[in-house]
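Colleague: Would you mind keeping the following structure in view while I ask a few things?
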Amino acid sequence: MHTQLVVIGGGPGGYAAAFLAADEGMDVVLVEAEGKLGGTCLLRGCIPSKALLHVARVVSEAEEMQADWGVSFGEPKIELDKLRERKNKVISNLTGGLGGLAKKRKIKVVKGFAKFVDANTISLEGDDESIPAGKQVTFDNAIIATGSVPAMPGAFNIGNDRVMDSTGALNLADIPETMLVIGGGYIGLEMGTVYANLGTKVSVVELQGGLLMGADRDLVKPLAKKLDKLFEKRIFLNTKVGSVSKAGDDKVEVTFEGPGKFGSEKFDRVLVSVGRWPNTKNIGLENLPGVEVDGRGFIAHNDDLRTACPNVFVIGDAAGEPMLAHKANHEGRHAVEVILGHATTFDRQAIPAVVFTDPEIAWAGITEEEAKRDGVNHEVVTYPWAASGRAQALGRTEGLTKWLVDPESERVIGCGIVGPGAGELVAEATLAIEMGCEVRDITETVHAHPTLGETMMNAAEVFYGTATEVYKPKKK
Ligand code: NAD
């Protein structure tokens, strides 16, 4: 079989690339070892975790209602089978939809494991009937979109399903009485939030001195305060896990070495969320002349996602940080545009990041810490949500919206938000940064009242010292 484009991997990077290429008239083969489209994001990542975080949010809001507003719904009763079924239905609806869309676009989806034989051929492992006779496909161009897997360091990998990665945690085998989360990053805090709201006593151990170290500290502070309560003050920072071992049939014993916690403790379950490893082993990269991987396994490429083999591209988690579905999606589309010979660029400055905890944290463009580290001339303007009528009405005054502005050009170069819905609000900032907006463009845009979106405009007004609800005169 020969094709103009072979895409290896059917996640949000791979299927976006394959669909665009087909829409543009290319003949496309999409190889996906699992058969189902969606990748980690849809099948065992972003989407199922968001379904469970929705449930967590309703439970916590119901509790807040009772504590703060005098409205009581009683203790939640959780039917785990039904909850799991509903989450799985969300996945099957979406993966089924993608399969249908691939069919309509006449993309040949092959269920098999692809390996490069040379720069124009892949071999296919597997016995699915979708695999062509000869088990090989030759191609003009290839896009590697193989994604990543949860990192499971050897010391934690004790062959016991009580020690889970994110996939195991999303399977919701039970609601354990106690759970230790190793790693206070995106996954640990999102899944910790889910389990804690379902009734588990969650502890978090983090090697570094703070949670979510990639985010600005002022954004993390309100979240850390809330999690301290939700996790019952059991967040152990600057602490190393010494060992993990099986203790009887239903416990895992963990030893800690750190100022936050020392000694050992038993847990019903342990979630290991210490990062992800790119899937770049065993795909025959050694058969692609000049193609290199770095120490973490990311495939070297240029700004156009082209590897040392000019007809082979790499996108998404296999290409490098940030390992985010929306970055993969845009890279996939960019690679296809490059293959088609279109004039195209991909502006990396405006890739938003969202942590879907409660409150959510979101940022786009440069962070304050990056600006300080890299000596980027910047001014920071912040708007505390305590001044927002809508935040007051929601009882969520812990939020904060801030812009980073280049004081010379008055262009917005970064934005950070913490508060419920931050992940939605950051879209405005992403567009503003992408378009090279000046702060004035944001202040002159009429934002609906009363909304949390208004805080984007209000924070921008602070730059000129003219925000209506806060008194922060501009320094002369
Ligand atoms: P992460 O990089 O966000 O966090 C890992 C954390 O583990 C870090 O804080 C690190 O210091 C800590 N750590 C590492 N080794 C440790 C050890 N031995 N003991 C204790 N702590 C240790 O990684 P993650 O949470 O596993 O998520 C992986 C990737 O998946 C993220 O980088 C992100 O790109 C993606 N992701 C994104 C979202 C989202 O967009 N909302 C959600 C989940 C995952």
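Each reported figure results from applying straightforward, stated rules to the coordinates on display, with no laboratory input. Values in this document were obtained by computation on a predicted structure and should not be read as measured data. So basically every Cβ, Gly included, is an ideal-geometry build from the backbone, and we count neighbours across all protein chains shown.
Colleague: Just wondering, is there one or more residues in the range 208-230 that are touching a helix residue (DSSP H, G or I) at 6+ places or on another chain (Cβ under 8 Å) and more than 22 Å from Pro352 (Cα to Cα)?
Modeller: Scanning the range 208-230 turns up at least one residue that is touching a helix residue (DSSP H, G or I) at 6+ places or on another chain (Cβ under 8 Å) and more than 22 Å from Pro352 (Cα to Cα).
Colleague: Tell me the residue from Ala335, Ala328, Ala371, Ala353 that is within 23 Å of Thr193 (Cβ to Cβ), buried (at least 19 other Cβ atoms within 10 Å of the Cβ) and small (Gly, Ala, Ser), please.
Modeller: Ala353
Colleague: Also: Could you pull out every one of the strands (runs of 3 or more DSSP E) wholly within the range 99-166 that has 3 or more residues that are within 16 Å of the ligand (Cβ to nearest atom) and within 31 Å of the chain's Cα centre (by Cα)?
Modeller: So the answer is 148-150.
Colleague: For the subset of the range 269-279 comprising residues that are in a loop (DSSP other than H, G, I, E, B) and touching an Asp or Glu at 6+ places or on another chain (Cβ under 9 Å), which member is surrounded by the most Cβ atoms within 10 Å (Cβ to Cβ)? If you could, list the steps in order and put the result at the bottom.
Modeller: Restricting attention to the range 269-279, the residues satisfying the condition of being in a loop (DSSP other than H, G, I, E, B) are 273-275, 279.
Remaining after also requiring touching an Asp or Glu at 6+ places or on another chain (Cβ under 9 Å): 273, 279.
On the way: Ser273: 24, Asn279: 22.
Residue satisfying both the conditions and the ranking: Ser273.
Colleague: Sticking with this one: Could we say that Leu83 is surrounded by 13 or more Cβ atoms within 10 Å (Cβ to Cβ) and farther than 24 Å from Ala169 by Cβ here?
Modeller: Taking the combined requirement at face value, the residue does not satisfy it.
Colleague: Take the conditions within 26 Å of Glu360 (Cβ to Cβ) and either of a type outside the set (Gly, Ala, Ser) or surrounded by 12 or more Cβ atoms within 10 Å (Cβ to Cβ) (or both) and apply them to Asp68. Does it pass?
Modeller: Values: within 26 Å of Glu360 (Cβ to Cβ): yes; either of a type outside the set (Gly, Ala, Ser) or surrounded by 12 or more Cβ atoms within 10 Å (Cβ to Cβ) (or both): yes.
Judged against the criteria, Asp68 is a match.
Colleague: Of the residues that sit in the range 310-325 and are surrounded by 18 or more Cβ atoms within 10 Å (Cβ to Cβ) and away from the ligand (no atom under 12 Å from the Cβ), which one is nearest to Ala371 (Cα to Cα)?
Modeller: The first filter runs over the range 310-325 and keeps only residues surrounded by 18 or more Cβ atoms within 10 Å (Cβ to Cβ), leaving 312-320, 323-325.
Narrowing further to those that are away from the ligand (no atom under 12 Å from the Cβ): 312-315, 318-319.
Values: Val312: 34, Phe313: 31, Val314: 29, Ile315: 27, Ala318: 27, Ala319: 24 Å.
This residue is Ala319.
Colleague: Going by what's in this entry, would Glu379 be described as touching a residue at least 60 places away in the same chain (Cβ under 8 Å), within 16 Å of the ligand (Cβ to nearest atom) and surrounded by fewer than 20 Cβ atoms within 10 Å (Cβ to Cβ)? Quick ask: steps written out before the conclusion?
Modeller: Numbers: touching a residue at least 60 places away in the same chain (Cβ under 8 Å): yes; within 16 Å of the ligand (Cβ to nearest atom): no; surrounded by fewer than 20 Cβ atoms within 10 Å (Cβ to Cβ): yes.
Against the criterion (touching a residue at least 60 places away in the same chain (Cβ under 8 Å), within 16 Å of the ligand (Cβ to nearest atom) and surrounded by fewer than 20 Cβ atoms within 10 Å (Cβ to Cβ)), Glu379 does not qualify.
Colleague: Still on this model: When residues of the range 205-240 are filtered for being closer than 21 Å to Glu61 by Cβ and of a type in the set (Lys, Arg), how many remain?
Modeller: Going through the range 205-240 one residue at a time, the tally reaches 3.
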